[in-house]
1. Please go through the range 179-198 and pick out each residue that is surrounded by 11 or more Cβ atoms within 10 Å (Cβ to Cβ) and either part of a loop (DSSP other than H, G, I, E, B) or among the basic types (K, R) (or both).
2. Specify which of the listed residues (T122, T114, T129) is surrounded by fewer than 22 Cβ atoms within 10 Å (Cβ to Cβ), of a type in the set (S, T, N, Q) and over 15 Å from D77 (Cα atoms).
3. Go through the range 32-77 and give me each residue that's in contact (Cβ under 8 Å) with a residue 60 or more places away in the chain, farther than 18 Å from S220 by Cα and touching a strand residue (DSSP E or B) at 6+ places or on another chain (Cβ under 8 Å).
4. In the range 200-249, what residues are in contact with a Ser or Thr (Cβ under 9 Å, 6 or more places away or on another chain), in a strand (DSSP E or B) and at pLDDT 95 or above?
5. Residues to consider are M126, M97; find the one that is within 14 Å of E233 (Cβ to Cβ) and in contact (Cβ under 8 Å) with a residue 24 or more places away in the chain.
6. Which of the residues spanning the range 31-45 are at pLDDT 90 or above and buried (at least 18 other Cβ atoms within 10 Å of the Cβ)?
7. Identify the single condition in (1) touching a strand residue (DSSP E or B) at 6+ places or on another chain (Cβ under 9 Å); (2) free of Cβ contacts under 8 Å to residues at least 60 places away in the same chain; (3) open to solvent by 10 Å² or more (accessible area, probe 1.4 Å) that S109 does not satisfy, given that it satisfies every other one.
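The values are calculated or read from the model by the stated rules, or taken from the named source; none is laboratory data. Being a predicted model, the structure only gives us computed values, none of them experimental. Methodologically, a virtual Cβ is constructed for each residue, glycine included, from the backbone with ideal geometry; neighbour enumeration extends over all protein chains shown. The accessibility values were calculated without ligands, DNA or RNA, using every heavy atom of the protein model including side chains. Shrake-Rupley method; radii C 1.70, N 1.55, O 1.52, S 1.80 Å.
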Amino acid sequence: MRVERLPSAVDGPVAHLPRGTAPYGSLTGGLLDRLRRFGDFGSVADHQGERMSGAEFAAVVQYAAAGLSRRGLHPNDVVAVLAPVSTARLVSVYTAMAVGCVALPLELSSDVDTLIRVLVDTDARMILTTGALAPLAVELADRSRVRQVVSFGEAPATTPFTELLRPAPRCGGYDPAHCLFDSGLMDYTAVSGAPPRTVRRPHRELVAHFRRLDAALRLSRDDTVVLESGMTEFDRCVLASVALWHGASVLSPADESTAVTGAALRAVRAAVRGAPPSRIGFRSA
């Protein structure tokens, strides 16, 4: 990968949230409290028109993490994510990590047999998926050890994601937002004729990468970052976390096969409905 700075498109001083800190427990640990304290800056948007403010995004992740706990998920359980690069994918990956689970993003380019093998080998307990991919997720669950499928939107044989956001019972005292985890992220590589190989990236490794990108990019609330499909999941998750931590905006563009172009930048402006981005601070190699 390489990190670049593009010329500023915004005149005047750049507003920074306090620096020198990092998420704790998961990549969104402390984010909601931080944005509530210093102002609800930034947004998360994608090519499908989904848009949330930074605080809305952090709140959904925090409440959904508590919902996963109520559904029997525990730290170090593996939760698979079946979704294109989008707001739904980010929400799902961060939600799994926020409850202390290991997030396992599945690649849509993998064949069904590879996906099943990955789910079986990692003993994944749940799949978080989009409505369009829910039928595939249900098939994968039937052919693996997955016990639950949670879908964004209504889909047969799945639990709606909104069920995770229901208020917790008054007697529930567990709040994953204030717990420390080191579960992190898991990715895999598949080679023809060989079992998929998985690599686990614990939270301490994610935070170390967070600090590297934070120091290199020095993002502010006037910035927007674009998540390209060519990035690794490791880079994409940490970059989005750095952006949100400093009140910047995050966009998943429509054309995932090309680098950021002028058309993509116009899409950024339309999606965030604000000033044009001052920098796109990160580009895949």
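1. C179, L180, F181, D182, S183, G184, A190, P195, P196, R197
2. Values: T122 fails: over 15 Å from D77 (Cα atoms); T129 fails: surrounded by fewer than 22 Cβ atoms within 10 Å (Cβ to Cβ).
Testing whether each residue is surrounded by fewer than 22 Cβ atoms within 10 Å (Cβ to Cβ), of a type in the set (S, T, N, Q) and over 15 Å from D77 (Cα atoms) leaves just T114.
3. Matches in the range 32-77: D46, H47, R51, V60, L68, R71, N76.
4. Answer for the range 200-249, where residues must be in contact with a Ser or Thr (Cβ under 9 Å, 6 or more places away or on another chain), in a strand (DSSP E or B) and at pLDDT 95 or above: just R200.
5. Working: M126 fails: within 14 Å of E233 (Cβ to Cβ).
Only one candidate passes the filter, namely M97.
6. Hits for the range 31-45 are L31, L32, R34, L35, G42, S43, V44, A45.
7. (1)
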